[in-house]
Structure formats: C-alpha cells, structure tokens
Amino acid sequence: MNDSYSYMDRLHQSNYDLLCEVDRICKAHDISYFLHGGTFLGAVRHQDFIPWDDDVDIAMKREDYDRFMEIYPKEADPRFKLLKFEDYPQFFDFISKITDTQVTMAHTAYGYEDFYQRRYNHPSLDLFVFDHVGPNHKKNLTKLQMIYALAMGHRPMIDYSKFKGIRLVGAHVLSGIGRCIPFHTIASWYKKAQISENAGNENSSTLFLSNEQQHPHYWGMEYDAAYYKGGVNMKIRDRQFPVPDSYDRWLRDVYGDYMKLPPEDQRRPQHVSELIQ
C-alpha cells in the first residue's frame with residue numbers, strides 16, 4: 001500500500017463523514033441504528049476506526065431500515081449517494097450502500113470496475129438489516145441462499161472455490177439458471193423472502209442479518225433481540241455512536257478475544273486499492 005498514512009487518513013475522513021451524515025438523519029427522525037462489524041469493533045477496541053479498516057458498517061432492525069430508506073434520499077447531502085441493490089441490473093451483493101462521491105478509487109479489491117459502471121469506486125457505508133427469526137427460519141435461510149445463488153449469475157466472475165460437494169453443484173446450476181432471469185426479478189424475490197421471514201414474528205426474541213451472506217461470522221447467526229432494545233455509545237474520533245447493549249458478549253461471540261490484534265500480515269484494507277482524487 002503506497003503512501004499509507006495519507007491514503008488511510010483520507011479514507012477514514014470520508015468514512016467519518018459518511019457515518020456522521022447517517023447519524024444526523026437518524027437522530028433527526030428517531031431512527032435506531034447500531035455500529036456493526038469492523039466499525040463496531042473499532043469503536044470498542046480503538047475508540048476510532050480500525051487503522052486498516054476501509055469501510056463503515058451499520059445495522060438496523062427492519063422497521064428502522066424501511067423508514068431510513070424512505071427518508072434518506074429526501075434529506076441527505078447529495079455528496080452521499082444511496083445505492084439500492086435492487087436498482088441496478090448487475091449483482092454485487094444484497095446490501096444497499098451509501099457512497100461518498102467526492103472521493104474516488106482508481107481500483108477496488110474486487111476489480112471489474114467497468115462492469116459495475118464504477119459506482120462502487122467510492123468509500124462506502126453498508127446497511128445491514130435485522131429481521132426476526134420465525135418458526136420456519138432454517139427453511140427460509142435455505143430459500144435466501146438459493147436466491148443468492150441465482151443472483152450470482154449476474155456477476156462478472158464467480159469464485160467457485162468457496163463451495164464444496166452438493167453446494168458446488170448447486171452454485172453451478174443455480175447461477176446458470178439465474179443468468180436467464182433479469183436481476184430485478186431475482187432482487188424482488190430476495191426482498192419478498194426477507195419480509196416474509198419478518199411478518200408476524202415481530203415479537204420473537206431473536207434476530208438475524210437477512211442481507212449478509214458472504215461473511216462467515218454473521219450468516220445464519222442469531223442474536224438476542226434484547227441487545228438492540230437500548231444501546232450504549234462508543235467513541236469514534238470526537239463523537240459518540242450507538243453500539244448494542246452487552247457489547248462485550250456480542251463481540252466475544254463473533255470474534256473471540258476481540259481486544260487482541262490480528263497478525264500484521266492481516267492488517268490491510270479489504271476493499272480499497274488506490275485513491276485518485
């Protein structure tokens with residue numbers, strides 16, 4: 001990584017600006033959200049962003065997410081563009097993002113910038129969604145995974161090394177079928193499956209991230225809904241942002257000894273390759 005200090009310093013400033021804009025809108029409209037993933041871990045362990053982390057993750061319960069997605073485009077600074085996954089014909093993932101259009105990357109770790117029309121060549125904030133776990137949860141997880149496999153047919157490349165056995169066969173077959181189905185249709189199936197899981201189960205005691213399927217820490221993991229009824233604040237730079245109640249238990253469940261730094265060869269950005277402006 002060249003010019004690492006100025007590179008990451010500028011990137012973290014963009015991440016901070018993104019987070020502050022989302023926080024401003026959520027507070028103005030009484031919308032609850034929580035830091036998630038590496039952003040959550042950074043606030044607790046570093047009282048800042050993780051030095052080598054290069055994006056922002058937050059999570060919302062379904063009712064807050066739906067309100068946020070309605071309000072945000074009307075009130076946000078145009079600098080921070082909302083990218084709804086269902087609005088485009090190419091499949092990146094099922095996570096809607098907010099990008100900082102004033103900062104552009106020459107390259108990303110994913111590549112295929114032209115295929116995605118360079119809309120992901122900006123620092124981003126990922127919006128994760130918590131839905132309630134219903135009585136048919138395992139069946140619904142399988143349905144979501146199958147729809148995800150269909151959607152992979154709308155990627156420029158599929159890394160089949162992630163799959164083994166019957167899952168490898170399924171990935172080949174379903175992605176092939178998915179290429180014949182417009183992505184907008186597949187996206188509507190995914191959203192319907194998410195909502196059907198939540199319908200009628202709003203009082204269940206457990207939640208799951210219904211749009212996170214790539215990270216092994218989180219997919220299918222169930223969370224105590226009590227974590228997300230209140231929340232406490234943790235510092236990033238000079239501001240406080242909400243994290244779940246019982247955050248120590250949450251982080252230990254996901255990361256183990258989360259205060260221990262990873263090996264040095266793992267301390268590198270995961271998404272960004274080079275800033276150009």
Study note, to complete from the structure: Per the filter on the stretch 74-95, residues among the basic types (Lys, Arg) and in contact (Cβ under 8 Å) with a residue 12 or more places away in the chain are ARG79, LYS81, LYS84
Review point. For the subset of the stretch 30-56 comprising residues that are within 18 Å of CYS20 (Cα to Cα) and among the charged types (D, E, K, R), which member is nearest to the chain's Cα centre (by Cα)?
Key: ASP55
**Study point:** Of all residues making up the stretch 203-250, the number that are among the polar types (S, T, N, Q), at pLDDT below 90 and under 22 Å from ALA151 (Cα atoms)
**Key:** 2
Point to revise | Hits in the stretch 21-61 (condition: without any contact (Cβ under 8 Å) to a residue 12 or more places away in the chain and under 24 Å from ARG79 (Cα atoms)) | key: ARG24, LYS27, ASP30
Practice item. Count, please, the residues in the stretch 1-32 that happen to be out of contact with any helix residue (DSSP H, G or I) (no Cβ under 9 Å at 6 or more places or on another chain), surrounded by fewer than 20 Cβ atoms within 10 Å (Cβ to Cβ) and modelled with pLDDT under 95. Key: 8
Review point. Of all the residues that make up the stretch 236-266, how many are in a strand (DSSP E or B) and closer than 15 Å to VAL56 by Cβ?
Key: 5
Review point. Can you tell me which residues in the stretch 35-56 are surrounded by fewer than 23 Cβ atoms within 10 Å (Cβ to Cβ) and closer than 13 Å to ILE98 by Cβ?
Key: ASP55
Exercise for review: Read through the list (1) surrounded by 14 or more Cβ atoms within 10 Å (Cβ to Cβ); (2) at pLDDT 95 or above; (3) closer than 23 Å to ILE236 by Cβ, then give the number of the only condition that MET152 fails.
Suggested key: (3)
Exercise for review: Spot the failing condition for VAL173; the list is (1) aliphatic (A, V, I, L, M); (2) exposed (fewer than 13 other Cβ atoms within 10 Å of the Cβ); (3) under 20 Å from ARG249 (Cβ atoms), and only one is missed.
Suggested key: (3)
Review point. Which members of the stretch 87-100 meet the condition of being surrounded by 14 or more Cβ atoms within 10 Å (Cβ to Cβ) and more than 17 Å from PHE34 (Cα to Cα)?
Key: TYR88, GLN90, PHE91, PHE92, ASP93, PHE94, THR99, ASP100
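Name the residue, out of SER196, SER175, SER210, that is out of contact with any Cys (no Cβ under 7 Å at 6 or more places or on another chain), closer than 30 Å to GLY111 by Cβ, in contact (Cβ under 8 Å) with a residue 40 or more places away in the chain and among the polar types (S, T, N, Q). Write out each step before concluding.
Working: SER196 fails: closer than 30 Å to GLY111 by Cβ; SER175 fails: in contact (Cβ under 8 Å) with a residue 40 or more places away in the chain.
The unique qualifying residue is SER210.
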**Study point:** Qualifying position, being closer than 27 Å to TYR247 by Cα, of a type outside the set (S, T, N, Q) and in contact with a Ser or Thr (Cβ under 7 Å, 6 or more places away or on another chain), among ASP66, ASP48, ASP100, ASP55
**Key:** ASP55
**Study point:** Conditions (1) more than 14 Å from TYR16 (Cα to Cα); (2) modelled with pLDDT under 95; (3) not polar (S, T, N, Q): number failed by VAL103
**Key:** (1)
Review point. Has the stretch 62-73 got any residue that is without any contact (Cβ under 8 Å) to a residue 60 or more places away in the chain, under 12 Å from VAL129 (Cα atoms) and buried (at least 21 other Cβ atoms within 10 Å of the Cβ)?
Key: yes
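The values are calculated or read from the model by the stated rules, or taken from the named source; none is laboratory data. All figures in this text were calculated on a predicted structure; none of them were measured in a lab. Virtual Cβ from ideal backbone geometry, glycine too; neighbours counted across all protein chains shown.
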